[in-house]
Structure formats: C-alpha cells, structure tokens
C-alpha cells in the first residue's frame, strides 16, 4: 500500500496523542496486541548504557513517525498503534530479556535498533516467536543472516566500508591507520570490509590498533599512530568513543584526517569534541536536504516540545538514523495493512514481498532474500563549524 509523504504529514497535524519519549507504553496498558482497537509495535532500543544517546536519537525518529501515522487499518477496522518501549541497555544479555518482554506483551512487530550486537542477540527470540522485526541502523551482515523474521531498512557494512575505502584512496590517502574495537560486531565488521577494499585498491594499512569496550584512555594507540607517520585514520567506532579519540589526539598533537562510519553521525561528536571534530569525514544513511518536506515537519515536531529538543541534545538537526527509523515504522505499517492481518507470519510474508515508494525518506524500500533493503546510496558528510555538512552522494554497485 502506498501513501504520499504529504498525506501522512498532514495526518500528523490532527494526531492527538503521542507516547512520551522514553516512557513504557506496556506499563500503561494491559491490552495485548489486537485486543479491542489497539495493537502494539515494539521498540527495541538502548535507552541506557554505551549506546544510550544513539538509542535516544532513534526513538525520536520512531516517535515522530508514530505521530504522523498513529493508526493502521486491518480487515476494515482501524487500530490505534501503541508503542511498547523496551530498553536493551546496550547489553547483549539484557537484549534477550527485552526481546522476550516485547514478545510476551503481544507486539505484532518490532522496530530497532541501534547496535548490531544487541540486534543479533535478540534475533532468534523474534524468529522463534514468529514476530517480524525491522532493523533501523544495525549494519552488520549477521543481523538478518539466517533469520527469516529480521529485516532492515539501512545499508550494510560491506557497502559503507567499500565506499569509505574508495573515498580514502580517491583523496590520496594511500597509507592509513585503523582502529578496531575488539568484540564489537559493528566496528570489527566495518574495519574488515574497509581493509579488504582499501588493500585491493592499492592502499597500505600501516598500523592496526585495537581497544577493548569501555576503555577510555587511548593515548598509547594514538601515540603509535602518530609515530607511524600516517596522514589518515579509519575509526568506525561507536559514537561514544569519538570525542575521546579526537580530544586525546589533539592533546598529543596528532593532526590527521579522521574517517568514520555512520555511528559518528551523532550530535555527541560535535558537542563533546568541539573544535577537535572539525574536518571529520563520515558516511550516513540520510543527509538533511534530501527531502525538504520531511525535514521541515521533523524540525517543527522537535521544536514543539522541550523534551524532544532535549533528547536531541538541544538541536533540531536531523541525523541519518532518524530517517531510517521513520522509514522502518512506515514500512511496518504498510506491511500490516498489506497483510491485512495481525498475525506475525502474514506480516513477515508481506515484508518479504513489499515495495514501499511513497511515505519513506531513504529511497524505495525493497528487501532481498536475506531481508536486507536493496540500497546502494550513501551520503558523505564533513564536520564544519560544529555541524554535519553535505559533501557528496555516493552510489556504488547496482
């Protein structure tokens, strides 16, 4: 089913109730999905822990989408959508518990989330319960691999790793250092795909540095990089490490071109690193200006209540993850209506064959046999004057 973005945004003007950001809908209602006129869609995100800020950014995208489209129609009956927010705490063990809670709450589908590791940990629970999930920014290939019930609207690490490796070579950085977070599926997967493409194009990895999750002192590895003499670093870490790396590098007098992945597209980067973030280059899922109608509506919504603005770290800037969350929510709604059913298997089957062109921001959504969105476009951004500025749109492959 297609719906124009304009129609959906117009609908949002008459929406009268929103689930508060960070509140648990499941604690406010004892109704199970499909009971009465209410169905539940689960939100699987980190509210706390290492990725808490990333989860908060994504929740805004989902909540905005919910304000735009608060209902679905199934078999001629209109159902109000209730968002069931569950915090996976950026932890793989807690992720399993959060997934089971969404299942026991009777959610007809799940959206999320930020962090590939937690999504991988939750995936088998959704599959076993036959509840479809749509990933928002979880780019590691293993999220959907072998799981018929996990889909995603974002591109994958092999794609963005290839794009950023090509960009580095094109800019003349034929020697580079890389920084890997051991045990982090996102970082390690992206490092490997970057390395493969970079070396295939004639580049040399001069030094490969690693660190453990929750480390905060990077002076030793940054000193190694400084001594290597490279002019660029590829560091696709989670955003929480970005200011630490940049600030400590500045303290050491290490002046290089920093290259990162989509996770650095977070206001924490510019907020905590300040001038030290200037010149950082990264890729992201969506860049402001890509859809002016969406941009204007999202900014108006963010500024409508102080809690939204506060959750977005005091700015109405849009990051790529928020557009992906908007799309994931809209695709889930389309699948429910296309299936004309509240049964998980029917919704899953609808997702597998769906094509969503209107009402989504990141381009037409069609899933391949693995449940991955067929996407071949990313946006390269550079930090200038403490803001993410558009550099170029890159299309790679078919």
task = Obtain the radius of gyration and the Kirkwood radius of the chain from its C-alpha atoms and give Rg over Rh.
result = 0.97
remark   = One would report the Cα pair-distance distribution of the stretch 125-266, bin width 10 Å, in %, as 12, 39, 32, 12, 5, 0
ask   = What value, in deg cm²/dmol to 500, does the helix sum -39500 (n - 2.57) over DSSP H runs of n ≥ 4 give at 222 nm once divided by the residues of the chain?
value = -12000 deg cm²/dmol
remark   = With Cα coordinates, the longest principal axis of the chain makes an angle with the long axis of helix 242-251, in degrees rounded to 10, of 20
inquiry  = For the chain, take the longest principal axis of its alpha carbons; what is the angle in degrees between that and the long axis of helix 52-68, to the nearest 10 within 0 to 90?
reply    = 40
ask   = Taking the Cα atoms of the stretch 136-189, what is the range of coordinates along each of the three principal axes, in descending order and whole Å?
value = 42, 23, 17
ask   = In a Debye calculation with equal point scatterers on the alpha-carbon sites of the stretch 265-398 and no solvent, what is log10 I(q)/I(0) at q = 0.09 Å⁻¹?
value = -0.33
note = A correct fewest-to-most ranking of 66, 396 by other Cβ atoms within 10 Å would be 396, 66
ask   = Got a sec? How would 238, 91 order by Cβ neighbour count within 10 Å, fewest to most?
value = 91, 238
query = In degrees between 0 and 90, to the nearest 10, how far off the longest principal axis of the chain does helix 116-128 point, with axes built from Cα atoms?
reply = 30
remark   = the chain: relative contact order from alpha carbon pairs under 8 Å, six or more residues apart, as a whole percent, is 18
Efficiency of FRET from Cβ geometry, residue 271 and residue 307, R₀ 25 Å, rounded to 0.05 = 0.90
ask   = Contour minus end-to-end for residue 210 and residue 357, with contour as 0.36 nm per residue of separation and end-to-end as the Cα-Cα distance?
value = 48.8 nm
ask   = Calculated FRET efficiency, residue 80 and residue 315, Cβ-Cβ r, R0 51 Å, to nearest 0.05?
value = 0.95
remark   = Taking every C-alpha to C-alpha distance in the stretch 39-141 and binning by 5 Å from 0, the per-bin percentages run 2, 14, 25, 25, 18, 10, 4, 1, 0
message = For a Förster distance of 56 Å, can you work out the FRET efficiency between the beta-carbons of residue 250 and residue 296, rounded to the nearest 0.05?
response = 0.95
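FYI, it's all coordinate maths here, none of it is from the lab. Here the structure is a predicted model, which means the values were calculated and not measured. Note that each Cβ is placed from the backbone with ideal geometry, even for glycine, and that neighbours are counted across all protein chains shown.
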